[in-house]
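First comes the structure, then the notes that go with it.
The values are calculated or read from the model by the stated rules, or taken from the named source; none is laboratory data. All values derive from a computational prediction rather than experimental measurement. Reconstructed Cβ throughout: ideal geometry from the backbone, glycine too, with neighbour counts over all protein chains shown. Quick note on the areas: whole protein, heavy atoms, side chains included, nothing else; ligands and nucleic acids left out. Shrake-Rupley method; radii C 1.70, N 1.55, O 1.52, S 1.80 Å.
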Amino acid sequence: MSSIDTFTHTSLYALPSKSALQAEFVGKKIDQLRTPALVVDRSRFKRNCEEVTAKAKKRGMLFRAHVKTHKTTEGTRLQVQAAGGVKATICSTMIELWKIIEDGLVEEGLVDDILYSMPVGEDKIADLNLAQDKIGSKGVIRLMVDHPEQIRVLTRFNEKEGRKQKWSVFVKVDGGGRRAGVPPTSQQLKDIIQAVLSSEQVEIFGFYSHFGQSYASDTLKKGSSYFEGEIDCVQSAAKVARDLECKGDWILSVGATPTAHAAVQEVEKAHNGLEGKLELHAGCYCMCDLQQHATSLVPDSHLALTVVSKIVSVYPHRKEAMCDCGALGVSKDTGRYPGYGRLVSPERAVGKWDLGRISQEHGTLVHRPDLPEGEFVEGQDELKVGETVRLVPQHACLVCAGYPWMYVVDEEQGKGEEVVDVWVPWKGW
C-alpha cells in the first residue's frame with residue numbers, strides 16, 4: 001500500500017438504528033413528526049422506477065441506475081428490481097459503492113456491475129481493488145476516466161500490486177456541460193485512447209456522457225434534442241477510438257433524468273450504425289422534484305419527495321409566513337421555477353404559496369409571483385401558526401443528503417399521510 005491510499009471505513013460512519021426508528025415512528029401521522037422532515041412516497045418511487053426502466057428496455061436500451069439521490073439500501077433495491085431487474089448501478093461516492101456490497105445486494109445477485117462515476121483518483125485505487133476482491137467473480141467494479149494520467153496510475157498499481165484483473169473503464173465524454181469529461185473531438189480524448197492501447201492493465205468498457213444542460217428543457221422536443229445530442233457525443237468519441245484501432249464491444253451510456261424521460265416518451269427512433277450498445281442512465285428519476293417538473297416531462301403524480309414543515313409565524317401585513325425549514329432542509333438549489341419549493345399541502349395553499357426566501361433554518365413563504373388578481377382570498381387562503389405544510393423542493397439529491405433518515409409513506413396502500421417505514425441513507429464519502 002502507498003502512503004497516499006485512503007479507505008472507506010464504513011464502521012466509523014455511525015448510522016441510526018432502522019429498527020429503533022421503525023419502532024418509534026411507524027404508524028405516526030405526518031403532522032406528528034418533528035420538522036423539518038423528509039418524506040418519500042414509496043408507491044410513487046417504485047412506479048417511477050418501473051416506468052422508466054420498463055420503457056428503456058422496451059426500446060432496446062440497457063439501463064443503469066444511479067443511487068446517489070437517496071443513498072439507501074431500500075431505494076436501491078426498488079431501482080434494480082424494477083421491470084424484471086437491472087443489475088448495473090452507478091455510485092458517486094465510495095461509501096455508496098461499499099454499502100451496495102456490504103448490504104448484500106451483490107451477494108443476493110441483484111447487482112453485478114458497479115460504476116464509480118467520479119474520475120478515479122490515485123488515492124482510491126487500493127480501496128477500489130479491495131472492493132473488487134470482496135465481490136470476486138460475482139460482479140465488477142468499473143471506473144470513470146477522462147485523463148491519460150488516470151490510465152497510467154491504474155497501470156502502475158496493477159504492476160506494483162500484482163493485480164491480474166484489468167480495470168474496466170468508461171471514458172467520460174463532455175458534450176457541453178463542462179463538468180467532467182473531454183470533448184469527443186479533443187486531443188485529450190485521443191491521448192486517453194492511446195494510453196489505454198499502451199497499457200495491458202486497462203480496457204475500455206464504453207463511453208459515457210451526462211448532459212446536465214438538459215435541465216433547461218421545457219418541452220419533450222427539447223428534451224429529445226438533448227438526448228440525441230448525447231448519443232452523437234458518445235458515438236463521435238467511439239468513432240475516434242475505432243479510428244485509432246481500439247477494439248471492443250462497447251457500451252454507449254447516455255442520460256440525465258430529463259433526457260431519460262425524453263428517451264422513453266418520444267416517438268421511437270432507430271439508432272442504427274452505432275459503435276456500441278446503447279445504455280440509458282439516470283438517478284433522480286426515482287424521486288423527481290421541481291427541476292424535473294419544470295421540464296414538462298414529469299407530472300405531479302411522479303413527485304415522490306416532499307419536505308414537511310411547520311408554520312411558526314405569519315405576517316399578513318407583508319403577505320408572508322415563516323416555516324421551520326431553511327437552507328439545511330431544502331438546499332439552496334434553484335431552478336426554472338422561482339424560489340426553493342412549492343407547497344403541495346394544505347390543499348387551499350396549492351398554487352398560491354411558494355418558499356420564496358431561505359436562511360439556514362428559516363423559510364419565508366410568499367405568494368406565488370404569477371398569481372392572478374383575485375386568486376388569493378384574504379382570510380380563506382392564509383396560512384396559520386402551527387399548521388403543517390408539505391412542499392416539493394427544487395432538487396432532490398442535495399435535499400436527501402441533509403437528513404439523517406427519511407419517513408416513508410405509501411399512497412397506494414391508503415397511507416399517504418402515515419409513516420409505513422423509515423429509510424436510513426448512507427453518509428460519508
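Points worth noting:
- Residue-normalised accessible area of the stretch 42-287, expressed per residue, 1.4 Å probe, Å²: 39
- Amide H contacts under 5 Å for ASP113, placed H, 5+ residues apart: THR89, VAL140
- Convex hull of Cα atoms in the chain, direction-averaged projection (nm²): 21.8
- Note that the stretch 41-54 has calculated 3J(HN,Hα) couplings of 8, 4, 5, 5, 4, 5, 5, 4, 4, 4, 5, 5, 5, 5 Hz, one per residue in order, obtained from phi through the Karplus relation 6.51 cos²θ - 1.76 cosθ + 1.60 (θ = phi - 60°); glycine and proline are x.
- Virtual spin-label span in nm between ARG152 and SER198, 7 Å along Cα→Cβ: 0.7
- The stretch 174-244, accessible surface, carbon-and-sulfur percent (1.4 angstrom probe): 46
- Over 31 Å between alpha carbons, listed pairs LYS87/LYS332; LYS172/LYS221; LYS57/LYS332; LYS57/LYS166; LYS29/LYS384; LYS71/LYS134: LYS87/LYS332; LYS57/LYS332
- Paramagnetic reach from PHE7 (point 7 Å along Cα→Cβ, amide N under 18 Å) across the stretch 119-150: 122-136
- Mean sequence separation of contacting Cα pairs (under 8 Å, at least six apart), scaled by the length of the chain, corresponds to a relative contact order of 21 percent.
- If only the Cβ of Lys and Arg carry +1 and only the Cβ of Asp and Glu carry -1, the dipole of the stretch 258-342 around its Cα centre is close to 400 debye.
- For ARG242 and GLU107, the FRET efficiency from 1/(1 + (r/R0)^6), where r spans their Cβ atoms and R0 equals 30 Å, is about 0.20.
- Under a 5 Å amide H cut-off, with hydrogens placed 1.01 Å from N, GLU387 pairs with ILE311 among residues at least 5 apart or on other chains.
- Under conditions of 37 °C and 0.692 mPa s, the stretch 183-274 yields 231 µm² s⁻¹ as its translational diffusion coefficient, taking Rh as the Kirkwood radius over Cα pairs in the Stokes-Einstein equation.
- Set of the stretch 72-108 residues, backbone N closer than 11 Å to the point 7 Å along the Cα-Cβ line of ALA23: none
- Per-selection Kirkwood Rh - the stretch 65-144 (Cα, Å, 1 d.p.): 12.4
- Under 5 Å from the amide H of VAL86 lie the amide H atoms of GLN81, each residue being 5 or more positions distant or on a separate chain, with H modelled from the backbone and absent for Pro and chain starts.
- Per-residue HN-Hα couplings for the stretch 151-168 [Karplus 6.51, -1.76, 1.60; θ = phi - 60°; Hz; x = Gly/Pro]: 5, 5, 6, 5, 5, 4, 4, 4, 5, 6, 8, x, 5, 8, 6, 5, 7, 9
- Relative contact order, percent, the stretch 60-185 [alpha-carbon distance under 8 Å, six or more residues apart]: 18
- Paramagnetic label reach from ASP31 (point 7 Å along Cα→Cβ; backbone nitrogen cut-off under 13 Å): within the stretch 311-344, residues 311.
- Per-residue HN-Hα couplings for the stretch 181-188 [Karplus 6.51, -1.76, 1.60; θ = phi - 60°; Hz; x = Gly/Pro]: x, 10, x, x, 9, 7, 5, 4
- Between the beta carbons of LYS166 and ARG336, assuming R0 = 25 Å, the FRET efficiency works out to 0.05 to the nearest 0.05.
- Computed from the Cβ-Cβ distance with R0 of 30 Å, the FRET efficiency linking SER186 to SER301 stands at 0.10.
- Largest GNM mean-square fluctuation among GLU320, GLU375, GLU107, using the chain with Cα springs under 10 Å: GLU375.
- Hydrodynamic analysis of the stretch 300-394 uses the Kirkwood radius over alpha carbon pairs. Inserted into Stokes-Einstein at 25 °C and 0.890 mPa s, it gives a translational diffusion coefficient of 186 µm²/s.
- Under a Gaussian network description of the chain, with springs only between Cα atoms under 10 Å, the residue in ALA56, ALA237, ALA23 that fluctuates furthest is ALA23.
- The relative contact order of the stretch 42-287, computed from alpha carbon pairs under 8 Å that lie at least 6 residues apart in sequence, is 20 percent.
- For the pair the stretch 67-89 / the stretch 204-282, the C-alpha centres are spaced 21 Å from each other.
- Modelled spin-label separation between GLU361 and ARG348, with each label point placed 7 Å from Cα along the Cα-to-Cβ direction: 3.0 nm.
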